[in-house]
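Student: Provided herewith is a single structure, encoded as structure tokens, for subsequent inquiry.
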Amino acid sequence: GDIVRKLGDLVLPSIVPHLQNGLMSGNETTRIGICMGLTELMQSASKKQVEDFIDMLIPAVQATLCDPSEDVREKAAFTFQTLHKVVGSRSIESIVPSLLN
């Protein structure tokens, strides 16, 4: 969180893809950690920074909400809630329809 607050524009381009790649892990604990990392990132970044990376964040949040692990999905719900707090209805418009299909 502190790194994102201090150096957000410099570190986000490398952190976000790294978190996305971690979602492919077969390790449930890793995927839970990714959810926690995404949540922390969005809580620490400015709204503009989150919006700048929204096209990468939304697929990551979608993937975690559909994870086979209930524990990951529970963490993902909090991640989605955080995204909604930061960007508002855009998160719902972008994520919920895909969950209904």
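The values are calculated or read from the model by the stated rules, or taken from the named source; none is laboratory data. All figures in this text were calculated on a predicted structure; none of them were measured in a lab. Note: ideal-geometry Cβ built from the backbone for every residue, glycine included; neighbour counts use all protein chains shown. Keep in mind that these areas ignore ligands, DNA and RNA; they rest on the heavy atoms of the full protein, side chains included. Shrake-Rupley method; radii C 1.70, N 1.55, O 1.52, S 1.80 Å.
Student: Considering only residues that are of a type in the set (A, V, I, L, M), more than 17 Å from Glu74 (Cα to Cα) and in a loop (DSSP other than H, G, I, E, B), which ones fall in segment 10-56?
Tutor: Of everything in segment 10-56, those that are of a type in the set (A, V, I, L, M), more than 17 Å from Glu74 (Cα to Cα) and in a loop (DSSP other than H, G, I, E, B) turn out to be Met24, Ala45.
Student: Still on this structure, I have one more. Conditions: (1) part of a helix (DSSP H, G or I); (2) surrounded by fewer than 19 Cβ atoms within 10 Å (Cβ to Cβ). Thr79 meets all but one. Number of the miss?
Tutor: (2)
Student: Let me ask another. So which residues in segment 71-89 are more than 11 Å from Val61 (Cβ to Cβ) and out of contact with any helix residue (DSSP H, G or I) (no Cβ under 7 Å at 6 or more places or on another chain)?
Tutor: Glu74, Lys85, Gly88, Ser89
One line per residue, one yes/no per condition, for (1) surrounded by fewer than 19 Cβ atoms within 10 Å (Cβ to Cβ); (2) at pLDDT below 95:
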residue: Ile3; (1), (2): yes, yes
residue: Ser14; (1), (2): yes, yes
residue: Gly26; (1), (2): yes, yes
residue: Val50; (1), (2): no, yes
residue: Ser69; (1), (2): yes, no
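Student: Taking the options Gln43, Gln62, name whichever one is within 25 Å of Thr29 (Cβ to Cβ), touching a Leu at 6+ places or on another chain (Cβ under 8 Å) and open to solvent by 30 Å² or more (accessible area, probe 1.4 Å).
Tutor: Gln62
Student: I'd like the full set of residues that are surrounded by fewer than 20 Cβ atoms within 10 Å (Cβ to Cβ), farther than 13 Å from Phe80 by Cα and touching a residue at least 12 places away in the same chain (Cβ under 8 Å), limited to segment 28-40.
Tutor: Once the filter is applied, which keeps residues that are surrounded by fewer than 20 Cβ atoms within 10 Å (Cβ to Cβ), farther than 13 Å from Phe80 by Cα and touching a residue at least 12 places away in the same chain (Cβ under 8 Å), segment 28-40 yields Glu28, Ile32.
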